[in-house]
Amino acid sequence: MTSEEIRQSFLEFFEKKGHKIIPSSSLIPENDPTVLLTTAGMHPLVPYLMGEKHPAGQRLANCQKCIRTSDIDKVGDTTHHTFFEMLGNWSLGNYFKKEAIEWSWEFLTGKEWLNLDKNRLAVSVFVGDSDAPFDEESFNIWKNLGVSEKRIAKLPKKNNWWGPAGETGPCGPDTEMFYWAGDADKVPEGFNDDNVSWVEIWNDVFMQFNKKADGTFETLKQQNVDTGMGLERTLAALNGFDDNYRTELFWPLIKKIEELFGKKYGDSLEITRAMRIIADHLKAAALILGDEKGLMPSNVGAGYVLRRLIRRAVRNGFSLGIKETFTSKIAEEVIKIYQEVYPELKKNKEFIINQLAQEEKKFKKTLENGLKEFDKIFRSLSSDEDKKFFYIGGKDFFNLYQTYGFPVELSIEEYVCRRNKLGYTPASEEIQKLWTEEVHKKMLEHQKLSRTASAGMFKGGLADASERTIKYHTAAHLTLAALRKVLGEGVLQKGSNITSERLRFDFSYPEKMTSEQIKQVEDLINEKIKEDLPVICEEMNLEDAKNQGAMGVFDQKYGERVKVYTIGNPSTGDFFSKEICGGPHVNCASEIGKFKILKEEAVGTGVRRIRGIINF
Ligand code: SER
C-alpha cells in the first residue's frame, strides 16, 4: 500500500462509520498559546473536546500534519520524527471505548482494510492510579476481540495516558496498539514495551478529563474519543520495513542526501543517524515554511523551533563534511513527495527555498565566526607548554555558544582535534568532565530559565477557555474589522496569539501605521465595545459564509460546514465584523471592557504586529 492509499482507506473506513472528514489544520495553531505548533490531530479540536459544538457534527476524521519536538532527541532512530502525519478519528461526546477499540481493530486487521497479521499485534491499557482507575473496560474489549492476555500490557500514566497537549486541557487514559516490526518468525508470545521491535502505531485516547492549571483533573462535560494513527509507521509496517526511512515518504530524501554528500546510508551508524536527522529536520522545516502562515526562522516561539531544526540539519551536514549548501535541494525533494496532498507546498515553494538558503548561510557564518573566536583563544597561548595545558573549559564553551551561537559539541570536537594535532590527546575523562560538569550544568540552567520564561509567556489560553482569553479572542475580531475600516480592505489577518494577559495580532500592511491611524483603530474598537454589539454564532455552508462576506483566516482549509461569528446584526447586513471561526467568544462586545493598543511594529516584509491589552 502507498501512503496515499492508506490515507484514503482510513478516511473511507471512518466515513462508512458515520464520520465527517475534516481537512488538516495549519501546523501553526490559531489563537492558541498553549502550544507552539500543532502536535496532534486533537489539537485544533480542543475547544470541541471541551464542549463547543463542531459544525460538522460529533464524529470526525482526518489526516493532520503534525510537528512534535518532544521526541527530538530520539530522531535518528528508525521510528521517531518531528514532522509526521496523524490519521485520526474523533467522537465529541458521541461513541466511546467499545466502538473506538472495535473499529481500530477492524481497520487494522480487516481483509478489505489494512489486513495486518493479528499475530504481530499487541496492545496496552491504563493500569490505574489515584487520578483514574484501571481501564478494565478497554482490557475486556480487547480480550473479547481475541487478543491474548499476554499481549495486553497494563501500564502506568507515563505510557498510557495522553495529554494535555500543553500545560492544561483535555486528556485521559489511552490504549495503544503495537506492531511487531522484527522478524516475522520471531514474534514473542508476550508483549514487552521495552523491546523496540514493538512499534506503537495507533493510540485511542479516552478524553474524559480536563487538566487544570493547578495540576488537578476535572471531569469533562462529555466523554470524547481522540485517536491517532502514525502514517509513517503504518506505511513501514505494511511494506515490511523495519526502518521508516526506507518508505516512500523518506527514501527520495535519503537518496538525495547520499548523492549530495557522496556517502552511503547504512555505511556506519554515525552516517545513517546524521542522514536521518537531516532528512527529518529538513522535511519538518519545509512543511512549516510551506504552511500558509509564512512563519520565518527567528529567536522566539515557533520561529525558534524552525530555526533550530534547520540549524541542526546544517550542523549534521557539517559533521558529514559537506561544504556546499544543501538544505534547499533536499527541500525540493520534500515538496515533490507532498505537493499533491499539501498543495500549499507547491504554492509556497519559492518562500521555502529562499528561507532555507538564507538560514543556512547565516548559520554557516555563525559557525565560521565561532571558529575564529576559538582560534583567537588558542593563539593567545604563546608556548607549546601552554598549549599542552590548553584548556578553555566549559565556561568558555558556554560563552562561545551564548555569544556566537557556536554549538558546544563543536567546541569540544575542535578542542580535541587541536590537542590531538599537538600530540596531547585529552583523556576521555577530561572530555566527559568538560561536558557533564561544566557545560551541561550551564546548558541546563539556561534551558530552565528559557523554559520558565516561555511558560510565563504561554500560560492561560483559549484551550483552557478562561474568561479573559475569550475576551481577547473577541477583541481580535474587532481589531481586524477596525484595521480594515481605517487602513482599507487590503488588510488581512496574518496570525494571532492570545494569552490571558495580552493580544498579539499580525496583519498585512505595507507600511508603519501613523499614531493617528493607531488611535483611530483603538477608538473604533472601543466605540463598538460601548455600543454593546451582540456576538452571534451561526452554522452554515462555507459557500454561504463566503457570500455573506465572512472573513476567513489565511487560506486555511475549512470543512464544508463552518461556524460564523458576527459582531453586530447578522440578518440585516448591518454588522461590524463577520468571521469564520471556531470560537469561543463573549456574548456581547461590552463584556470586553476597554481595549488599548500598546505597540505597533514590523514583523516581516509587509506584515505588521499590534500588541493590545484589555482593562488596563
Ligand atoms: N492525541 C493522541 C496522540 O497524539 C491520539 O491522537 O497520540
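The values are calculated or read from the model by the stated rules, or taken from the named source; none is laboratory data. What you see is a predicted model, and the numbers here were worked out from it, not measured in a lab. Neighbour counts are summed over all protein chains in view; Cβ atoms, including those assigned to glycine, are modelled from backbone coordinates with ideal geometry.
Taking only pairs six or more apart or across chains, which ones have beta-carbon atoms under 7 Å, a first residue in the stretch 485-513 that is free of Cβ contacts under 8 Å to residues at least 60 places away in the same chain, and a second residue that is assigned to a loop (DSSP other than H, G, I, E, B)?
From residues that are free of Cβ contacts under 8 Å to residues at least 60 places away in the same chain, the pairs are Leu487/Tyr509; Val491/Tyr509; Ser500/Gly460; Ser500/Ser466.
Condition check: modelled with pLDDT under 95 and either more than 16 Å from the ligand (Cβ to nearest atom) or not basic (Lys, Arg) (or both). Does Thr227 satisfy that?
No; evaluated as a whole, the condition is false for this residue.
Each row is one residue, and each column tells you yes or no for (1) out of contact with any Asp or Glu (no Cβ under 9 Å at 6 or more places or on another chain); (2) buried (at least 17 other Cβ atoms within 10 Å of the Cβ).
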{"position": "Lys256", "(1), (2)": "no, yes"}
{"position": "Phe261", "(1), (2)": "yes, yes"}
{"position": "Met275", "(1), (2)": "no, yes"}
{"position": "His281", "(1), (2)": "yes, yes"}
{"position": "Lys336", "(1), (2)": "yes, no"}
{"position": "Glu340", "(1), (2)": "no, no"}
{"position": "Asn354", "(1), (2)": "yes, no"}
{"position": "Lys365", "(1), (2)": "yes, no"}
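Select from the stretch 369-402 the residues that are surrounded by fewer than 12 Cβ atoms within 10 Å (Cβ to Cβ) and modelled with pLDDT of 80 or more and write down the one among them that is farthest from Leu309 (Cα to Cα).
Lys376
Within 30 Å of Trp103 (Cβ to Cβ), within 16 Å of the ligand (Cβ to nearest atom) and either part of a loop (DSSP other than H, G, I, E, B) or of a type in the set (D, E, K, R) (or both), is that true of Asp242? Spell out how you get there, then give the answer.
Values: within 30 Å of Trp103 (Cβ to Cβ): yes; within 16 Å of the ligand (Cβ to nearest atom): no; either part of a loop (DSSP other than H, G, I, E, B) or of a type in the set (D, E, K, R) (or both): yes.
So Asp242 fails the test.
Report, by residue number, each residue of the stretch 398-429 that is more than 31 Å from the chain's Cα centre (by Cα), in a helix (DSSP H, G or I) and of a type in the set (A, V, I, L, M, F, W, C).
Ile412, Val416, Cys417
When you look at Leu235, is it outside any loop (DSSP other than H, G, I, E, B), away from the ligand (no atom under 16 Å from the Cβ) and over 27 Å from Thr34 (Cα atoms), yes or no?
Yes: the conditions hold for Leu235.
Residue-wise test of (1) at pLDDT below 95; (2) assigned to a strand (DSSP E or B).
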site	(1), (2)
Phe139	no, no
Gly146	no, no
Lys150	no, no
Ala165	yes, no
Pro170	yes, yes
Glu176	no, yes
Asp185	yes, no
Pro188	no, no
Asn195	yes, no
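From the residues in the stretch 166-189 that are among the small types (Gly, Ala, Ser) and under 23 Å from Asp77 (Cβ atoms), which one is nearest to the ligand (Cβ to nearest atom)?
Per the criteria, the residue is Ala181.
Just to be sure before I move on: is Ile141 within 16 Å of the ligand (Cβ to nearest atom) and either touching a residue at least 12 places away in the same chain (Cβ under 8 Å) or surrounded by 20 or more Cβ atoms within 10 Å (Cβ to Cβ) (or both) in the structure I sent? Show your work before the answer.
Details: within 16 Å of the ligand (Cβ to nearest atom): no; either touching a residue at least 12 places away in the same chain (Cβ under 8 Å) or surrounded by 20 or more Cβ atoms within 10 Å (Cβ to Cβ) (or both): yes.
Here the answer is no, as Ile141 does not meet what is asked.
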